[in-house]
There are 2 protein chains.
Amino acid sequence: MKKLINAVPDVVKEQLEGMAAAHPDLIKVHYEPDYVYRADAPVAGKVAIISGGGSGHEPMHGGFVGMGMLDAACPGAVFTSPTPDQMYEAAQAVNSGAGVLFLVKNYTGDVLNFEMAADMAYAEGIPVQNILIDDDVAVKDSLYTAGRRGVGTTVLVEKIVGAAAEAGYNLEQCADLARKANSYGRSMGMALTSCTVPAAGKPIFEMGDDEMEFGIGIHGEPGQKRMKLIPADELTDMMAKEIIHDKAYSRTVRELVDGQWVDKELVDEPFKRGDKVIAFVNSMGGTPVSELYAVYRKLAEVCAAEGIEIVRNLIGPYITSLEMAGMSITLLKADDEILKFWDAPVKTPGLRWGV
Amino acid sequence: MKKLINAVPDVVKEQLEGMAAAHPDLIKVHYEPDYVYRADAPVAGKVAIISGGGSGHEPMHGGFVGMGMLDAACPGAVFTSPTPDQMYEAAQAVNSGAGVLFLVKNYTGDVLNFEMAADMAYAEGIPVQNILIDDDVAVKDSLYTAGRRGVGTTVLVEKIVGAAAEAGYNLEQCADLARKANSYGRSMGMALTSCTVPAAGKPIFEMGDDEMEFGIGIHGEPGQKRMKLIPADELTDMMAKEIIHDKAYSRTVRELVDGQWVDKELVDEPFKRGDKVIAFVNSMGGTPVSELYAVYRKLAEVCAAEGIEIVRNLIGPYITSLEMAGMSITLLKADDEILKFWDAPVKTPGLRWGV
């Protein structure tokens, strides 16, 4: 295992300490339970946006805490869900009275623990809602969850809803926007290499020198297929078309509404010609930005040919899987409301513009 | 070779095409000869800042073209110097009449070709100066150059001098600031893995599973020593102290002054207690940002113990070596002039804040 780390049990803690040391103007870190929170939290009158999940996907989520994005992020151990007390205490720390929105990637552990945290927060009188992110078109049901996994769309939803909260949206409006943005986003990933969880000390899966995994999840969970390496253009074309031609996706999600868990039937409508999108080409960690540009080049071609207009883009390592080489593509339909909040200023360790 | 590429001869061109497609508001790309230039160039009355070098270090340099940083960047083939006609034509394209400053990393090919380009530009009536970046404390003289290699300080000098040009500094003032900023910066790098130049198709060197290269250059050229992997704290401490305790560094550089090549004796003074610095922790490409934060944590400790005050930082993959895993540390003494221009707005594909 070749990593810039010290003792394995300290990996997450020391990375958090480094982030706290580097960005004291933006964030603070609370330890035991661990959460990253805005240096100026709670922000008076503002809905607090909280996310979290296993570590190993940095800068997501801790690197997205700051003005215009998250109020707090709860990191679990590497590739391991955070515990309910992390979200609950984070909610207490950043709630200004306007309530808390939990943005939850669809993995069984994350979902259960955020639900428990929501119940705890509600019982303490904190207005709270939860919105599920489930955007991965590669597989339905996987090792880690029922339904679609939450991947690249998470980054975009955190930016968009974070800006809306900053602009004064109330809790219900933030939840509605998050639900919409999630329904507008679809993603797919692939891997060229495996990665090593420090506690395991060896790669989480093996892959031949001429192989890639098509449709991989962000924890290295299997995708659609193991296949021979193909040129970037062919690969990008395949992935883009899986996303663009994806059919309507229906499922039932549980949301907390006024303290009651209710089932909601949600349908993500497919893309159609004429749609404007935000295009996000993401490195899994070990792939350099130069290769992402080769992918973006073809993605722009495919979108143009399919009548999809890319109006904004984000290219770089934002939701990673440790040092895994590979990339993911996310397209998110962009209406005026979404574009307004995408363009709004953001100042976090991992994403910054306009300020 | 596992990369997101198509045919090997097209790698650089297609990456440039992707960058042009992604950022038409910021940059344009000219092909044959290849250079990236500001979409709004030439900027009336402004000194044009131009850099360049082999590809494979992205986002440097093409990703740093834009408001507040470079006016143009000239990419060679991977790890190969660009040709004089690239810099010369770029200079013609972006010169507004206020002249052109070439920022040249100290590699023999880059130095020679930028000198030829400077002669060509001067002969055409373009006011031109060149400043050498030579900040790598790991080795004196290497496979690629005489004297210290130009590494991480390049990114910081491009930002600082780019902002000064934006603020109206004339050519001589820009050159003076670049010379000073270079003399204030020192760097050192290390590698956990090798990397593969596409045209070669195999790793540029071999390294054992338990080994690292201490003091590596950005083209994988050997450093001070091959050694067993050590914990991040120990490694960071060694590297930081190599930088902080580095002695005065004297050498002769050639600069173009009013069309004449003159030798200048330059001395970089060592750091001393009480110095304020910009600290830059850089990924070589394959190392994720989470590990960089572990390094930053220790770097902040070492600097504090040595009486060096980190007043700004930059953490991420900015001067890379393809997909190499590893990192570099740069410390650059920050006086008021340097801090003012560091903090100034910048809007490029690879670095953005304040706007």
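Would you work out the relative contact order for chain A, in percent, from Cα pairs under 8 angstrom that are 6 or more residues apart?
18
In nm, one decimal, shortest first: how far is the label point of B:MET227 (7 Å from Cα along Cα to beta carbon) from the matching points in the other copies?
4.6
Suppose we flag GluC sites (Glu not before Pro) only when DSSP calls them loop and at most 12 other Cβ atoms lie within 10 Å. Which is the longest uninterrupted stretch of chain A?
Working: sites that count: A:GLU124, A:GLU206.
Segment A:207-355 is the longest.
Using the 7 Å Cα-to-Cβ label point, sort the distances from A:GLU309 to its equivalents in the other copies shortest first and give them in nm to one decimal.
Nearest to farthest, the other copies are at 5.2 nm.
Calculate the all-directions average of the projected area of the protein assembly as shown's alpha-carbon convex hull, and give it in nm². Before the final figure, lay out each step's value.
Numbers: hull surface 107.4 nm².
Taking a quarter of the hull surface, the average projection is 26.9 nm².
Quick check for the range B:238-355: number of Lys pairs with alpha-carbon distance under 20 Å, counting only pairs 8 or more apart or on different chains?
Lysine pairs, 8 or more places apart or on different chains, close enough: 14.
In whole Hz and in residue order, list the ³J(HN,Hα) couplings for the range A:307-322 that follow from phi through the Karplus curve 6.51 cos²θ - 1.76 cosθ + 1.60, θ = phi - 60°; x for Gly and Pro.
Per-residue couplings from phi come out as x, 9, 9, 7, 9, 8, 8, 9, 9, x, x, 10, 10, 10, 10, 6 Hz.
Can you list, shortest first in nanometers, how far B:ASP343 lies from the same residue in the other copies, with each label 7 Å from Cα toward Cβ?
2.9
Once phi is turned into ³J(HN,Hα) by the Karplus curve 6.51 cos²θ - 1.76 cosθ + 1.60 with θ = phi - 60°, what whole-Hz value does each residue of the range B:301-306 show in order, with x for glycine and proline?
Result, rounded to whole Hz: 5, 4, 4, 4, 5, 8.
Please identify, among B:ASP209, B:ASP119, B:ASP135, the residue showing maximal mean-square fluctuation in a Gaussian network model of chain B using a 10 angstrom Cα cutoff.
Result: B:ASP209 has the largest fluctuation of those listed.
Given an 8 Å cut-off on Cα distances and at least 6 residues of separation, report the relative contact order of the range B:161-228 as a percent.
Values: 72 pairs, mean separation 15.6, N = 68.
Computed over the range B:161-228, the figure is 23 percent.
If you average the alpha carbon positions of the range A:220-263 and of the range A:25-58, how far apart do those two centres end up, in angstrom?
28
Can you spot the lysines whose alpha carbon is less than 16 Å from B:LYS2's alpha carbon? Ignore those fewer than 8 places along the same chain.
In chain and number order, the partners are A:LYS228, B:LYS202.
Just reorder A:ARG179, A:ARG254 by solvent-accessible area, largest first, 1.4 Å probe, all chains present. Mind dumping the intermediate values first?
On the way: A:ARG179 45, A:ARG254 105 Å².
Ranking A:ARG179, A:ARG254 by accessible area, largest first, yields A:ARG254, A:ARG179.
Given a 10 angstrom Cα cut-off, can you work out which residue in A:LEU171, A:LEU292, A:LEU143 is the most mobile in a GNM of chain A?
A:LEU143
Provide the per-residue ³J(HN,Hα) series for the range A:137-152, in order, calculated from phi with Karplus coefficients 6.51, -1.76, 1.60 and θ = phi - 60°, each as a whole number of Hz, with x at glycine and proline positions.
Taking θ as phi minus 60°, the curve returns 7, 5, 9, 9, 6, 8, 3, 9, 6, 8, x, 6, 6, x, 9, x Hz for the range A:137-152.
Return the whole-Å distance between the Cα centroid of the range A:280-355 and the Cα centroid of the range B:80-105.
Value for the Cα centre distance between the two parts: 31 Å.
Considering amide H positions built from the backbone, and no H for Pro or chain starts, which residues 5 or more places from B:VAL257, or on another chain, come under 5 Å of its amide H?
B:VAL262
Quickly estimate the mean residue ellipticity at 222 nm for chain B, helices only: each DSSP H run with n ≥ 4 gives -39500 (n - 2.57), and the total goes over all residues, rounded to 500. Can you show the working numbers first?
Values: 8 runs with 105 residues, N = 355.
-9500 deg cm²/dmol, from helical runs alone.
What residue of chain A sits with its beta carbon nearest the rotation axis taking A to B, and at what distance in whole Å?
A:GLY286, 2
Who wins for biggest fluctuation among B:VAL47, B:VAL311, B:VAL281 in a Gaussian network model of chain B, springs between alpha carbons below 10 Å?
B:VAL311
5 Å is the cut-off here: which amide hydrogens, built 1.01 Å from N in the peptide plane, fall below it relative to B:GLY52, excluding neighbours closer than 5 in sequence?
For B:GLY52, whose amide H was placed from the backbone, the distant partners under 5 Å are B:CYS74, B:LYS105.
Could you pull out every residue, at least 5 positions away or on a different chain, whose amide H is within less than 5 Å of the one on B:TYR35? Hs are placed 1.01 Å off N in the peptide plane, and Pro or chain starts have none.
Counting only residues 5 or more places away or on other chains, the set is B:HIS30.
The values are calculated or read from the model by the stated rules, or taken from the named source; none is laboratory data. Since this is a predicted model, take the numbers as computed values, not measurements. FYI the Cβ positions are ideal-geometry reconstructions off the backbone, even for glycines, and counts take in every protein chain you see. Quick note on the areas: whole protein, heavy atoms, side chains included, nothing else; ligands and nucleic acids left out. Shrake-Rupley method; radii C 1.70, N 1.55, O 1.52, S 1.80 Å.
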